[in-house]
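Here is the structure we will look at, set down as structure tokens.
Any read-out appearing in this document is the output of simple, stated calculations on the displayed coordinates, not a laboratory observation. Given the structure is predicted, the values throughout are model-derived calculations rather than measurements. Reconstructed Cβ throughout: ideal geometry from the backbone, glycine too, with neighbour counts over all protein chains shown.
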């Protein structure tokens with residue numbers, strides 16, 4: 001009987017170890033690629049959903065820009081000059097409305113406001129409209145579901161747009177937070193004009209959102225170009241971008257009947273791409289843009305007509 005036992009040779013052990021390492025490496029690489037692919041798909045899905053949400057929120061509000069109860073009433077409360085009075089430093093910004101203005105905006109391709117005391121300096125849009133009826137901003141009514149921007153300026157008991165002038169101003173802007181993440185915010189106010197029946201004196205009070213509302217993070221750019229109706233045929237003759245809020249005269253701002261809105265979203269996670277991507281925004285100063293990181297970027301765009309201006 002042969003009791004001799006034979007084991008693996010050193011070469012066999014080395015070969016089996018090498019094969020094992022190759023298998024582990026292969027499975028590890030497959031796992032990493034699967035994880036990265038999953039992260040990429042999730043990021044793309046989130047960016048698409050966020051883009052739709054932004055377009056819905058801004059679009060719903062922007063369609064009402066310049067709305068009046070009766071835009072042809074040049075004497076009563078429906079006139080632009082009666083409803084839209086001059087307003088300097090709108091909601092703490094450096095944007096200003098002249099009398100009759102209903103929209104102002106500014107875009108800077110180089111970056112965003114990053115100081116706590118001046119969060120509104122660039123990439124911003126302000127517009128206003130007159131309320132038609134109490135249902136628009138009634139507590140528990142249609143207004144409470146309209147927009148998160150207006151949740152703190154709802155009408156109270158006794159306030160009636162049928163007998164008072166109520167003008168809503170909405171302001172959207174991008175601001176880099178303490179974590180260096182660009183966030184889209186909105187803030188709103190409601191101005192109420194009341195006429196004393198005896199004296200005829202008009203007094204105005206304001207209800208202002210106590211705090212800006214964060215809407216979406218990782219908003220790389222907010223770009224708006226404006227459609228001007230220069231021949232009063234209720235259609236935009238051309239679109240122009242804004243790098244400076246003073247480039248248009250007040251009369252030109254009052255000719256704006258539509259806007260092209262573009263929002264650039266970036267992925268929350270970096271190093272998803274092999275190299276920095278380039279993206280294009282029609283009408284934007286400095287386009288095409290090249291990213292400074294390896295995140296994913298997605299551009300969402302739409303054209304919005306102002307319902308009361310066409």
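Of note:
- Taking 0.36 nm per residue of separation and subtracting the current Cα-Cα distance, fully stretching the chain between residue 163 and residue 274 would add 33.9 nm.
- Relative packing of peptides 204-214, 94-104 - highest average C-beta neighbours within 10 Å first: 94-104, 204-214
- Each label was represented as a point 7 Å from its Cα along the Cα-to-Cβ direction; for residue 99 and residue 250 these points are 0.7 nm apart.
- A Förster radius of 35 Å, combined with the Cβ-Cβ distance separating residue 53 from residue 133, puts the computed FRET efficiency at roughly 0.85.
- A Förster radius of 35 Å, combined with the Cβ-Cβ distance separating residue 282 from residue 151, puts the computed FRET efficiency at roughly 0.60.
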